[in-house]
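Working notes, structure below.
The values are calculated or read from the model by the stated rules, or taken from the named source; none is laboratory data. Not measured: the values here are computed from a predicted model. We place every Cβ from the backbone using ideal geometry, glycine too, and count neighbours over all the protein chains shown. Calculation scope for accessible area: heavy atoms of the full protein, side chains included, ligands and nucleic acids excluded. Shrake-Rupley method; radii C 1.70, N 1.55, O 1.52, S 1.80 Å.
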Amino acid sequence: MMMSILPASRNAAFLLLSGLAAQVALLLRLNAQMGWLFAAGLVMLLFFTLAVGVLLMKTSLFAAGNTPGFLCLAFLINAAGLFLLLVACTQANNKSLLLMGTVISGLAEGAGLATILCGEARQLYRARPARCRLAALIIAISLAVMTCLRIQAAFAETAGFPYAFALLLDLALLGALWIKIMRDEN
């Protein structure tokens, strides 16, 4: 059962990394509303919680867990964090929701990436040619970032942020659905 879920986890890595890059780009674009210092702080908080999520998944408590189950849960928790960011962007100056959403999303993305890149998944992930993997990853990240920034820029001032975060929320839910379908097929 484990070997059949691994190609799905490789695709899930593309979804997680492209969503992370688009989220960083959107948080940096929030500088018009919140200021440069707060936007940079949000990005640093996102990377810090991402590292904490990776370290948390490497502890012995989660090491022998169900990889597809953890991955699906990571996508769902990421969706919850992105939903908080979406709600925070619809309300004026709601910094506490922005902080909470960033922390929850960062922890979930770190846990998901650690789950994908551990053990047998790492061996299968490395089996593909490196150039093909890198090119696909760059295309996925570029497409996600450009789409989210284009959606945000299509509206006046900060009105496009909820729609851009809604796209990232959809990507997170798509990743959870993808893993659930692949797990249920096997």
Exercise. What are the residues in segment 88-117 that are over 17 Å from Phe48 (Cα atoms) and touching a residue at least 12 places away in the same chain (Cβ under 8 Å), if any?
Worked result: Ala88, Cys89, Thr90, Asn93, Lys95, Leu97, Thr115, Ile116, Leu117
For this session: Answer yes if at least one residue in segment 72-84 is in a helix (DSSP H, G or I), modelled with pLDDT under 85 and either of a type in the set (Gly, Ala, Ser) or out of contact with any strand residue (DSSP E or B) (no Cβ under 6 Å at 6 or more places or on another chain) (or both), and no otherwise.
Result: no
For this session: Show the residue pairs that are 6+ apart or on different chains and have beta-carbon atoms under 6 Å apart, the first residue being within segment 157-186 and more than 19 Å from Ser18 (Cβ to Cβ) and open to solvent by 80 Å² or more (accessible area, probe 1.4 Å), the second being in a loop (DSSP other than H, G, I, E, B) and not aromatic (Phe, Trp, Tyr).
Result: Asn186/Met1
Problem set entry | Qualifying position, being assigned to a helix (DSSP H, G or I), open to solvent by less than 60 Å² (accessible area, probe 1.4 Å) and either within 20 Å of Ile181 (Cα to Cα) or at pLDDT below 90 (or both), among Ala32, Ala22, Ala13, Ala51 | Ala13
Exercise. Do we have Ala121 as open to solvent by less than 60 Å² (accessible area, probe 1.4 Å), modelled with pLDDT under 90, farther than 27 Å from Val52 by Cα and assigned to a helix (DSSP H, G or I) here?
Worked result: no
